[in-house]
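A quick write-up on the structure given underneath.
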Amino acid sequence: MRTVSILLVTLLLGGAFTQAQEKKDKSADKKEDKKEEKKPVIKKDPTPLEGQWSVVSLEYEGKPALAEKLKGMHLLFEGNQLTIKRGGKIIGQGTFTLDPKQTPAALDYLEARDVYSPYDAGIYLLEGNTLKLCTTADRKKRPTDFDSKQGQVVMLKKATK
């Protein structure tokens, strides 16, 4: 369900000096990344997305996901925590932030455990009991529209009790 992350391309120029410099640069980049990634703060204050949402549809690169793959899948928003489940199994868990002042409204998600793509940048639209998301793993290319060529588009319905 995760989108494709950024691909890093390394050009080998040859020579011991170049390789040593590349290693030094990579080490410095990793240190900067670690400084950037802070432990998420868990908040209990409810957000407008609070509650359980059932996945109705998912589309990626213009292709809809099979309905049987989405059966029993839901997202649970509690405070600033997001848990993604399929049936009773947790398939994703982390924290999120919302920025409703942006147009379209922005959502950022940080996965709690070490996964292929730990960070999603996206947009959302909340209309009554319907929530529409468009997310991508490339935090530098936040979607600007609910277009599955910009990221995965997920339609959700609020679960009723």
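Values quoted throughout were computed directly from the atomic coordinates according to the rules given, and no laboratory measurement underlies them. The structure displayed is predicted, hence computed values, not measured ones. Backbone-built Cβ (ideal geometry, glycine too); neighbour counts: all protein chains shown.
A simple rule links phi to the HN-Hα coupling: the Karplus curve 6.51 cos²θ - 1.76 cosθ + 1.60 with θ = phi - 60°, which for the stretch 103-110 gives 10, x, 4, 9, 9, 10, 10, 10 Hz, with x for Gly and Pro. With each label modelled as a point 7 angstrom along the Cα→C-beta vector, the T160-D108 pair spans 3.7 nm.
Computed with the Debye formula from one identical point scatterer per Cα of the stretch 51-158, without solvent, the log10 of I(q)/I(0) at q = 0.17 Å⁻¹ comes to -0.78.
Based on every Cα atom in the stretch 38-77, Rg and the maximum pairwise Cα distance Dmax equal 14.2, 37 Å.
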